[in-house]
Structure formats: C-alpha cells, structure tokens
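Before any comments, here is the structure.
The values are calculated or read from the model by the stated rules, or taken from the named source; none is laboratory data. Note that the coordinates shown come from a computational prediction; the quantities given were computed from them, not determined experimentally. Here the Cβ positions follow ideal geometry from the backbone for every residue, glycine too, while neighbour counts run over all protein chains shown.
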Amino acid sequence: MIVNRTEVPSIKQINSFNIVKAAGQVFPNGVPFYSINSNDGDFIKIEWMFVAGNWVQPSPLVAFAVNSMLSEGSQKYSSVQISEMIDFYGAFLSFNVDKDFAFVSLMCMGKYLAEVLEIVEEVIKNATFPEHELEVFRNKHKQQFLVEQTKVRNIARSEHAGLLFGTDHPYGYKVVDSDFDKLNRDSLVQFHRERYQSANCKIIASGKVDENVVKTIEQYFGVSFWNAQQTLSYPVCQPQTSPGKKVLIEKDDAVQSAVRIGKVLFNKHHSDYHGMQILNCILGGYFGSRLMAKIREEKGYTYGINSLFVTLKNEGYLAIVSELGTEVTVPAIEDIYAEIEKLRQEPVAEDELERVKNYILGDIVRMFDGPFAQAESFISLIENDLDYDHFDQMISTVKNITAGELQLLAQKYFDPASFTQVVVGKMK
C-alpha cells in the first residue's frame, strides 16, 4: 500500500490496550524472580534489585560507593579482568543507586548467558573493594563533585531537597566534599555483605527469557543462599519540611539563576496520586504545558521549565525547575506563581484537558512498548509494593477525571504559602 503523504493521519482515541504482565516465581533460595518473555531475537536484560539505597546507608555516600565499586575487583577477578571479559562477550554491565534501591543491570546475548553470569555472580556476591581502587574512587568522585557544585542548578537541587525534607533526612541530606574522605573499606564491605544478599534481592529478566534462560539464572543466583542471612532493619524517618521558606544564594558571576519551587506531597499509595499526575502534567509536565507556554514561548525567559511530581518509596514531592536569565528571574517567578494560582481559580478548559489526557494515555502505551519497557514499568510497581491494578486505576482516572475535580486538587495542594523556593544566582 502506498501512503498518501498529503493527507494528515486520523487521530484515534486510545480506549484500551493490553498490558503484558510479568510472570513470577520464587527460586529455591527464596529469591523472587520475574520474567517478561518476548520470544524475539536473542537479547536478554537482567536486573538485580536490592533495598540498598541512601535510605538504609549507615553514613553518607556508602550506598553509592558500594554500588559503583562492585566491578572494581572480586575474590576471583581484578577490575581489568572483569571489564575485559564483559567486553569480550559483547555484554553491557551497569550500576545504579537511588534514594531507596540499588540495581545491577546486564544486557547480553542469550548464547553467552552462562559465561557472563559467572562473571556477574562474582561481581554481586564476592566484590572485595580493594583499598587502592577505593582511593581512586574517592579522588575521582570528589573532584567531579567539586566541579558539579559550581553549577547553580546542582546547588539549587541539593538546597531545595534540604528545605523539603530536612538536612538530616535520607532524602534531604546535602553531601559535602569531606564525606568522600570519610569513606572506608570496612564500612563498604559490611554494607555489601548485609544488603547485597539473597534475602534482599529481586531479579527481573526481560527479552528472550525461555525455560533454559530461567534455569541458567537459577543456577547462579537461585540455588544457595549468599552473603549475610539476617533480618534487615529499615529506618523510619519523618520529613522536617520548611513550608513557605524562600532561600536566595547569591552568585555574583552567575549568568543564569537556577530556580526550584515545590513542596512535599505523597507517594503512589495516596488516593490523590493519579489526579495529581494529571494536574502536574497540565502545569509543567510536558512540552505543551502552561509553564512552557507562558515562561518559554510567550515571555522567552528560558529554554525550558518543568514541573516534576517525584514519587519515592516513602515520600513524594513537587518541584518546578528552571534556569532563567538573571535579569528576568523576578518576573519569571511571579509568572510561575500566577500559573499555579490560575489552576486554583479557574477550571481547565475542556480542549486542554482532552489534549493532556491523550498525551498521558499515549505515554502509558509507550511504557509498555517492548519487553524492556514492560520490565521497567513492572519494576516501578515492585519498588512501591504495588500491583498492576495501579495502571488500571491510572487509565481510569485519566479517562474520567473532570476539570472541576482537578480544580479541587489545585485548591487542596497548590496553596502558594505552602511552597518552598530556592534561587541560586541573582534576583534583580
């Protein structure tokens, strides 16, 4: 069929779509294993998930250092050997740690899975954190940190987190350069032994995950217990927020001012979560949002402005983020609050609401486009102890929420007096 390029494609309403669900089982050693099988190609992605983020670390940077240094040497291999062998098999091994969780991610061809998993097993179970590698880590990341802390956006981010949660809170602590000097091998070894254990691990595999792949993964990670087998504590922390507080950190040499405006909200378990996702999208959650239209398109104050509704395991928060010319910082902030107030005072027009609903539904479809995306969406559920009903509820809310209900949410949560504000740069 020849496509007629002169005709605009018809727009179709997304009424329903199939969400591919992960299959679950428990390995003999108690490790939960989840898989999404595509039956296509010969590529596999495996992710090991540990409750080993900032929330549970004994002192600053320990979670980051342990996760980053897993491949810097094991009982059997040096860091060079690990790197060379992973490259030899055309695999890719990556590491990530956030406020709550730590991940080890592997991408590899199915035909080399056994060979690669033998290396990954060493990395995850038997990392040794050599002293000379730790010294390199300290120096490298301390220098990177000092460079990053000269940038106004990074200063604003850490300062705002402290306002939202309190500087003693795991989500609000502001790293300082001396934290790198305090890292020691004993604390890394202890944290690794306690947190990177079979009793604290979930494994998620996606791609061509057939029966042989499952058996191979089980062979290396599902038969015996590994590392410390003990009940893990989970600290309880309450945010010490500063609603209404405004901070200006002046930088005489700044060309732009970094601005962050926001407040503590709630996580994905809250009854208003889905509605707030939609309200945030209208405010500044996509390129056609009100903040982009006003601050970028109409006023030309910035290249970009966003509002982020960030949800973590224990808390959630809203943050409006932008970098503005120093000469327009004050009027831009005034316009931001004006757009917030408009959502409180006026219901969203039906055509705008319909446009945002279609955008969000399309984004949900994208979240399930292929096995790797399906796996990422599933991980977002198990991070928050949710099931697939969460997505059904989101779709239902998007389709049915009214402009009046959104206005009530804005009136409930968007009181300007409750927002914290950080400006790093200049306010002329």
Item to check | Members of segment 106-140 found to be in contact (Cβ under 8 Å) with a residue 60 or more places away in the chain, under 24 Å from the mean Cα position of the chain (by Cα) and surrounded by 20 or more Cβ atoms within 10 Å (Cβ to Cβ), listed by number | outcome: Leu106, Cys108, Val120, Ile124, Phe137
Checklist entry - Can Ile282 be described as modelled with pLDDT of 95 or more, within 20 Å of the chain's Cα centre (by Cα) and either of a type in the set (A, V, I, L, M, F, W, C) or closer than 19 Å to Ala417 by Cβ (or both)? => result no
Item to check | In segment 166-179, the residues that are assigned to a loop (DSSP other than H, G, I, E, B) and not polar (S, T, N, Q) | outcome: Gly166, Asp168, His169, Pro170, Tyr171, Gly172, Tyr173, Lys174, Val175, Val176, Asp177
Next on the checklist: Looking at segment 66-93 only, could you name the residues that are farther than 17 Å from Tyr112 by Cβ and assigned to a helix (DSSP H, G or I)?
Outcome noted: Val66, Asn67, Ser68, Ser79, Val80
Checklist entry - Exactly one of (1) of a type in the set (A, V, I, L, M, F, W, C); (2) within 26 Å of the chain's Cα centre (by Cα); (3) modelled with pLDDT of 95 or more is unmet by Leu232. Its number? => result (3)
Next on the checklist: I'd like to check something: does segment 359-368 contain any residue that is under 30 Å from Met107 (Cα atoms), in the same structural domain as Leu265 (by TED's automatic domain parsing) and in a loop (DSSP other than H, G, I, E, B)?
Outcome noted: yes
Item to check | The lone exception for Ser380 - which of (1) among the hydroxyl-bearing types (Ser, Thr, Tyr); (2) surrounded by 13 or more Cβ atoms within 10 Å (Cβ to Cβ); (3) farther than 26 Å from Phe33 by Cβ it fails | outcome: (3)
Next on the checklist: Taking the criterion of being under 23 Å from Lys208 (Cα atoms), of a type in the set (Val, Ile, Thr) and out of contact with any Asp or Glu (no Cβ under 8 Å at 6 or more places or on another chain), would at least one residue in segment 42-49 satisfy it?
Outcome noted: yes
Next on the checklist: Checking the condition more than 30 Å from Asn267 (Cβ to Cβ), hydroxyl-bearing (Ser, Thr, Tyr) and modelled with pLDDT under 95, which residue from Thr128, Thr150 passes?
Outcome noted: Thr150
Next on the checklist: Can you go through Ser271, Ser307, Ser289, Ser257 and tell me which one is at pLDDT 95 or above and within 20 Å of the chain's Cα centre (by Cα)?
Outcome noted: Ser307
